[in-house]
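K.L.:
I'd like to ask you about the structure that follows.
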Amino acid sequence: MSRVVDLRRGIYRRLYSGVRTGRRLNACSVDAELLFWRLHAAADDFGNLHGEPELCRIDAAPLRREWDNGRVADLLDELAGTDPPLIRFYTVDDERFVHICEFCDRQPANRDGRRYQRYPPDPFTPDELNNAAESCGAVRTDTESQSRSGPDPEIKSQNGPDAGPQADGKGPGPDRQACASMSGTGAGPGKYRGKADAKAWTQLVMIELCEALGLDGNRAIQQRDAMRAVIRRFRDHPDRDDVAADVIACAADKRGAPDIDYPVKAWQAEMNRRFPR
């Protein structure tokens, strides 16, 4: 007799008791924390889901009428602005997606050992997803099978979203190379000035932002999408070089302020104020 898997209550996600004292999550607003858990409910088994605010709102909070697209965009930026980030953005074929950082390390695969993929993976992802895919065997899409495993009865009390391995920074990609070039061989100050190519200009600005915020290695890679999202807001400005210099100076000021514990988050908040969506 076959076992029936009842999914009327939705898919299963594991919650760890360490979330009560997690530094990153408790530094976020209540609304941002609420959205963070709703992202878990909407994401596929690799922690990915739509990253456009409208689609993300429909997926994660369809009945929260008080949240419009702008509010969801701000909350996503807040979650991506923690240090290290709780989520990260990535783009595939000009479509934006969200990945919940360390998702595969914390959420078990289904009982058949498989993870079901509904969204394209980050092409420049760290080994977190690759290791999970290898450990779970072949990956299925939702169209390949209608059955999902039921709840895993074992729920252990472990550390929350602030524990566990971090991204190791491996992998290709121009933005990854740009953010990782903090070893003294990167571009000097102001090298972005006069660059006609938008992609090269963006990379050079990102390098200087990393230097201004004191980010190197993994931390620079983790923040690359958040920095790129800010740069996009003024990339088409007629005086973009001067705006970029002001943005970089603001980042340096936030890092040097003695009363600011999280300069990256403070800088992003200032950018959201200066360049509203």
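K.L.:
Being touching a helix residue (DSSP H, G or I) at 6+ places or on another chain (Cβ under 8 Å) and free of Cβ contacts under 8 Å to residues at least 60 places away in the same chain is true for just one of Leu55, Leu76, Leu34, Leu49. Which residue is that?
P.N.:
Testing whether each residue is touching a helix residue (DSSP H, G or I) at 6+ places or on another chain (Cβ under 8 Å) and free of Cβ contacts under 8 Å to residues at least 60 places away in the same chain leaves just Leu76.
K.L.:
Taking the condition of being part of a loop (DSSP other than H, G, I, E, B) and either surrounded by 12 or more Cβ atoms within 10 Å (Cβ to Cβ) or assigned by TED's automatic domain parsing to the domain that holds Val264 (or both), how many residues in the range 16-29 meet it?
P.N.:
Total satisfying the criteria: 5.
K.L.:
Could you give every pair whose Cβ atoms fall below 8 Å, whose first residue belongs to the range 226-244 and is assigned by TED's automatic domain parsing to the domain that holds Val205, and whose second residue is small (Gly, Ala, Ser) and in a helix (DSSP H, G or I), counting only separations of at least 6 or pairs across chains?
P.N.:
Between residues of the range 226-244 that are assigned by TED's automatic domain parsing to the domain that holds Val205 and residues that are small (Gly, Ala, Ser) and in a helix (DSSP H, G or I), the close pairs are Ala226/Ala80; Ala229/Ala80; Ile231/Ala244; Phe234/Ala244; Arg235/Ala198.
K.L.:
Considering each residue of the range 13-24, count those that are more than 17 Å from Asp105 (Cα to Cα) and either touching a helix residue (DSSP H, G or I) at 6+ places or on another chain (Cβ under 7 Å) or polar (S, T, N, Q) (or both), and give that number.
P.N.:
Result for the range 13-24: 1.
K.L.:
Only one of Leu63, Leu75 is modelled with pLDDT of 95 or more and either over 25 Å from Trp267 (Cα atoms) or touching a Ser or Thr at 6+ places or on another chain (Cβ under 8 Å) (or both). Can you tell me which? Give the steps one after another, and end with the answer.
P.N.:
Working: Leu63 fails: modelled with pLDDT of 95 or more.
Of Leu63, Leu75, the one residue that is modelled with pLDDT of 95 or more and either over 25 Å from Trp267 (Cα atoms) or touching a Ser or Thr at 6+ places or on another chain (Cβ under 8 Å) (or both) is Leu75.
K.L.:
What helices (runs of 4 or more DSSP H) lie completely within the range 156-264 and have 3 or more residues being closer than 27 Å to Glu52 by Cβ and at pLDDT 85 or above?
P.N.:
Working: elements: 174-180, 198-213, 217-222, 224-232, 240-256.
Answer list for the range 156-264: 198-213, 240-256.
K.L.:
Now for a separate question. Looking at the range 46-60, which of its residues are of a type in the set (D, E, K, R) and over 16 Å from Arg88 (Cα atoms)?
P.N.:
Taking the range 46-60 as the starting set, the residues that turn out to be of a type in the set (D, E, K, R) are 52, 54, 57, 59.
Within the range 46-60, Glu54, Arg57, Asp59 meet the criteria.
K.L.:
Could you say whether any residue in the range 129-137 is within 28 Å of Val230 (Cβ to Cβ) and either over 20 Å from the mean Cα position of the chain (by Cα) or at pLDDT below 80 (or both)?
P.N.:
yes
K.L.:
Next up: With the checklist (1) loosely packed, with under 13 Cβ neighbours inside 10 Å; (2) in contact with a helix residue (DSSP H, G or I) (Cβ under 9 Å, 6 or more places away or on another chain); (3) acidic (Asp, Glu) in hand, flag the one item Asp242 doesn't pass.
P.N.:
Among (1) loosely packed, with under 13 Cβ neighbours inside 10 Å; (2) in contact with a helix residue (DSSP H, G or I) (Cβ under 9 Å, 6 or more places away or on another chain); (3) acidic (Asp, Glu), the lone unmet condition for Asp242 is (2).
K.L.:
To continue, here is another question. Given the options Asp59, Asp74, Asp45, name the one that is in contact with a His (Cβ under 7 Å, 6 or more places away or on another chain) and either buried (at least 16 other Cβ atoms within 10 Å of the Cβ) or not assigned by TED's automatic domain parsing to the domain that holds Tyr119 (or both). Spell out how you get there, then give the answer.
P.N.:
On the way: Asp74 fails: in contact with a His (Cβ under 7 Å, 6 or more places away or on another chain); Asp45 fails: in contact with a His (Cβ under 7 Å, 6 or more places away or on another chain).
When all the criteria are applied, what remains is Asp59.
The values are calculated or read from the model by the stated rules, or taken from the named source; none is laboratory data. In this text, all values refer to a predicted model and were calculated from it rather than measured experimentally. As a convention, Cβ positions derive from the backbone with ideal geometry for all residues, glycine included, and neighbour counts pool all protein chains shown.
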